[in-house]
Structures are given as C-alpha cells and as structure tokens.
Amino acid sequence: MNPLKIQDNTFRDGHQSIYATRMRTEDMIPIAEEMDSCGFHAMEVWGGATFDTMHRFLAEDPWMRPKILKKYITKTPFAMLIRGQNLVGYRHYADDVVRAFVDKACEIGIDIFRCFDALNDFRNMESCAERIKANGKQFQGAFCYSLTDVCMGGEIYNLEYFVKKAKELEQMGADAICIKDMSGILSPFDAYDLVSAIKKEIKVPLHLHSHYTSGMASMTYLKAIEAGIDVVDTCLAPFALRTSMPAIEPIVAALRGTERETGIDLHKLLELGEHLEKIAPKYSSHLATHKLSIIDNGVLAHQVPGGMISNLTGQLKEMNALDKLGEIYMEVAETRKDMGSPPLVTPVSQIIGAQAVLNVLFGRYVRVSNQLKDLVLGLYGKTPMPIDAELTKKILKNYKRGQEPVSGRPADYLEPEIEAAKKKIGDLARNDEDVLAYILYPTTMEKFLRSKYGIDSPKSAGVENIPKKKVAA
C-alpha cells in the first residue's frame, strides 16, 4: 500500500479563491476538532492573502488565527503559504524583517512553510529557508508552474526547466518539493510526465497543488497519483471547484480499494461539509456570479490564477466595469509577454493585472505603476526571459529608483527596516507582532492597531470575542 496523503486547504486557499479570503475564524472553530481527526497530512490555515484581509476587512488580528486554531487542532501540522522575500505582503522586505517574521510564525504554531518566489528566482527564498530550518520546521520549496502555450514545452516552460527547478530546491535543503499550479493549467498527461520525471531525480516527497479553474485539476490529480505523487491539496466540497482546489470527497471515493487509498473517512467529510453549507449565505456576496459556468476555460489563454480572478471580479463589480473583464484578460497575456513571461502569481500577477487595467483604460504603458517599474528594474528578481531593451528604457525613463536594471539578489539592495519602523509607529505598537504587521501594511495596520487598542473605538470586533468550543454538527 502507498496511501495518498492529502493537505486540506479549506481554511486558507479555499475561501481565498472563492470568497475573496473572507472566512472568519469563528466559522472555523465549530469543525476544527473534527478536521483534526480526519487524518490530513497537514492543514493550510495561514499565509497568502489572509494577513491582509483579516485586519483590513474582518477586524481580526492576523497573528491570532493560528494561535486560536492550535487550541482545537492539536495533531495535524499547520501549513502556511509564504512568498519568500515578499512574505505575505506585496513588496520585497529586508532580510531583518523576513527573519523576524519567520521566527514569529514558527512561534505561533506554523509547522510547514510552503515557500515560493513569483519569478522562480530562488535567491528570493534563501533568507526564509534559513530561518525555517533554524527553527526546526519544514521548508517546503515550491516552484510556480506556468506555460507559454496550451501544453508544457517551448522555449521556457519545458520538462527540463521544471526538473531543474525541483533539483535546485532539494539542493537548497527543502524537506519537500511542491509543484504550484496556481492557475489550474497543468494538464493530466503533462502532470504524469512531470511527476514521473521529477520523482526520478529527487529523494524528498513531491506535492501537487492545483486549482480547478480550467476544469482539469481532478483529472490532473488522478494522472499525478498514477505517476506516484506523494501529497495533493484539496478542499471540502463546498469550498472546492470554481477557482479553488479539487474537492476531497470524490478523490477519496475514487481511490477506495486501490493501493493509493487515503484511509480518510468519507462520511466524516460529508458532515464537515454540511457546516460550510450552513454558513455559506454569510459569504455569498463574495462569490463570483457573472458567469453560469463554474470553470473558466479561458484561463488556458490568460492564465490568471484563482485568487486573482475572484478579487479582480469583486473590484470590477464595485467599479461597475465587469464588461471590461474579457478585454483585461487579453491584455494580461500581452503585458505578461512584454515582462519576460513570468508565472502569474502574487505579487507579479497583481502587478501585471494592474498594469493591464491601466493599459486598457489609458493606452499601453501611457501610465505605469511603480511596482511594474521595480519589476523591470530587477528589484523582484530575474524574469524568465529578458525584457525588451526599448520597452525597458521607456518604462524606466526618469524613474527615481534607477534607469538601468540590476542583476543582484534583490534583498541585497534593501536596508534593514525594523528599527526605523519601531520609531515611526512608536507606542501604538505594543509588541513585535504589531511592529511586523505595521511594516507589512503601514496604512491599514496603523488604523487596525488604533482600533485594537481602543484608541479610535472601544474594541476590535473579532479579536476579543472568540467563541467557546463547539461540537461539530
């Protein structure tokens, strides 16, 4: 027997993908203990966009979620998604911030760190990896799966490229390797070839993370399982499919009686799903309803990842500009090509997406964001392909941070940040967690801290009033 291991992403990437990361901690607690007894390989509970949305929209202290959930989930390791030098923010942070953040994340209960870089430039993961290993936690090195055509191959994203990336991560000391298919564009037969090739070259476990966006992910998982994948990411059915991950229940059922049988109780999963169905009306306003289909086959062309689609749709809804969505998707593909064909994942997906919107509204590169200028300047790392010299010159003209692209490790150009931040925030920050959060999100976190400590309002909703333990339905 070689049972397939499953990481559950319901409490993080599931609601990030379909509900714009709006799930509250209080709605996780009723089923937390039952989730713990399922036998998951790990549960992803933090990272990604949770840090941002918790303080910005939910009035919850982001540091509290792992601490609270640890009271109910005692057996299953906690996983988080961390963007290397970007951490859980939207820019590169200095090494002192990265080291302090990882140390604090270990302290509050994170056991497994899925660490990636948006450009697959692993220099941007070195500081993270060093601190993860120093704390005795698991460093799961991830590479971003991307394409320049419908299938794997071509000048950039071919089999040799991905196998090389996997070997580089193992050489960095990764305890496991993850294929991060954030857009759901890994096809079933490409998955079989990719998993088979990587398994021949590495000794550590191999994970597969994919989204259902294109409709292929469940088929892709079956072919990856056939090829020997060790772990896959899923969500409970109510938080699965659409731009989220495959549902766990059909996979558990499909593998019953095979050598890859998971050993997870299907009936328990169905009971847990009932809780998510009961709370669904609370979050329904965040669910994308502009299309009848629950899949987006256009992702094979524009490759916009799940979390970005839900957030972009929400923003365009508020602007009454949903009619521009198709045009923006097409422009995303062109802007991405201009920028050296990087994988579309945070923060690069946001940078390219925002520039695509500017290009559609005002003309191509008439207005350019500072973040795109930094990408062209090399401050995010090395792009898979060089950016056109003439376009570089146009974008960086008169840019205050420089006009000539740099080639060194991006973090080497950054000065330490923590001490300066402490002076700037002053007494409003009561501990190291407050300081780090302020560095990540200066404007919104200052507002949150004022509310948290009763300066602007008596209490911060969601921070003080944590419900008592409840028995799962």
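The values are calculated or read from the model by the stated rules, or taken from the named source; none is laboratory data. Remember, it's a predicted structure, so these values are computed and weren't measured experimentally. Every residue, glycine as well, gets a Cβ built from its backbone with ideal geometry; the counts of neighbours run over all protein chains shown.
Out of curiosity, is SER214 in contact (Cβ under 8 Å) with a residue 24 or more places away in the chain, surrounded by fewer than 24 Cβ atoms within 10 Å (Cβ to Cβ), of a type in the set (Gly, Ala, Ser) and touching a helix residue (DSSP H, G or I) at 6+ places or on another chain (Cβ under 9 Å)?
It is true that SER214 is in contact (Cβ under 8 Å) with a residue 24 or more places away in the chain, surrounded by fewer than 24 Cβ atoms within 10 Å (Cβ to Cβ), of a type in the set (Gly, Ala, Ser) and touching a helix residue (DSSP H, G or I) at 6+ places or on another chain (Cβ under 9 Å).
Regarding VAL368, is this residue more than 23 Å from GLN7 (Cβ to Cβ), crowded, with 23+ Cβ neighbours inside 10 Å, at pLDDT 85 or above and not assigned by TED's automatic domain parsing to the domain that holds ALA49?
no
Give the residues of region 390-438 that are among the acidic types (Asp, Glu) and within 26 Å of ALA100 (Cα to Cα), sorted by residue number.
Kept after step one, since they are among the acidic types (Asp, Glu), are these residues of region 390-438: 390, 404, 412, 415, 417, 419, 427, 432-434.
Matches in region 390-438: ASP412, GLU415, GLU417, GLU419, ASP427, ASP432, GLU433, ASP434.
Give the residues of region 234-270 that are in contact (Cβ under 8 Å) with a residue 60 or more places away in the chain, surrounded by 24 or more Cβ atoms within 10 Å (Cβ to Cβ) and within 14 Å of HIS15 (Cα to Cα), sorted by residue number.
THR234, CYS235, LEU236, PHE239, ALA240, THR243, SER244, MET245
I'd like the full set of residues that are in a helix (DSSP H, G or I) and not acidic (Asp, Glu), limited to region 382-401.
Of everything in region 382-401, those that are in a helix (DSSP H, G or I) and not acidic (Asp, Glu) turn out to be ALA389, LEU391, THR392, LYS393, LYS394, ILE395, LEU396.
Can you tell me which of TYR438, TYR399 is modelled with pLDDT of 95 or more, out of contact with any Pro (no Cβ under 7 Å at 6 or more places or on another chain) and not assigned by TED's automatic domain parsing to the domain that holds SER349?
Values: TYR399 fails: not assigned by TED's automatic domain parsing to the domain that holds SER349.
Of TYR438, TYR399, the one residue that is modelled with pLDDT of 95 or more, out of contact with any Pro (no Cβ under 7 Å at 6 or more places or on another chain) and not assigned by TED's automatic domain parsing to the domain that holds SER349 is TYR438.
Pick out, from region 206-287, the helices (runs of 4 or more DSSP H) lying fully within it that include 1 or more residues that are under 21 Å from GLU44 (Cβ atoms), in the same structural domain as MET43 (by TED's automatic domain parsing) and in contact with a strand residue (DSSP E or B) (Cβ under 6 Å, 6 or more places away or on another chain).
217-227, 248-254
Would you be able to say whether some residue in region 52-60 is assigned by TED's automatic domain parsing to the domain that holds GLY263, touching a strand residue (DSSP E or B) at 6+ places or on another chain (Cβ under 7 Å) and at pLDDT 95 or above?
no
Of everything in region 404-452, what is among the small types (Gly, Ala, Ser) and either in contact with a helix residue (DSSP H, G or I) (Cβ under 7 Å, 6 or more places away or on another chain) or within 24 Å of LYS373 (Cα to Cα) (or both)? Give them in sequence order.
SER407, GLY408, ALA411, ALA421, ALA429, ALA437
May I ask you to list the residues in region 331-364 that are without any contact (Cβ under 8 Å) to a residue 40 or more places away in the chain, hydrophobic (A, V, I, L, M, F, W, C) and within 20 Å of ASP181 (Cα to Cα)?
Of everything in region 331-364, those that are without any contact (Cβ under 8 Å) to a residue 40 or more places away in the chain, hydrophobic (A, V, I, L, M, F, W, C) and within 20 Å of ASP181 (Cα to Cα) turn out to be VAL332, ALA333, ILE351, ILE352.
Considering only region 193-235, state which residues are out of contact with any Lys or Arg (no Cβ under 9 Å at 6 or more places or on another chain) and either aromatic (Phe, Trp, Tyr) or at positive phi (or both).
Across region 193-235, the qualifying residues are GLY215, TYR221.
Would you confirm whether or not region 176-188 contains a residue that is basic (Lys, Arg), under 27 Å from ILE294 (Cβ atoms) and either at pLDDT 95 or above or within 20 Å of the chain's Cα centre (by Cα) (or both)?
Among the residues of region 176-188, at least one is basic (Lys, Arg), under 27 Å from ILE294 (Cβ atoms) and either at pLDDT 95 or above or within 20 Å of the chain's Cα centre (by Cα) (or both), which makes the answer yes.
Taking interchain pairs and intrachain pairs at least six residues apart, which have beta carbon atoms under 8 angstrom, with the first residue in region 22-33 and modelled with pLDDT of 95 or more and the second in a loop (DSSP other than H, G, I, E, B) and of a type in the set (Ser, Thr, Tyr)?
Matching pairs, first to second residue: ILE29/TYR72; ALA32/TYR72; GLU33/TYR72.
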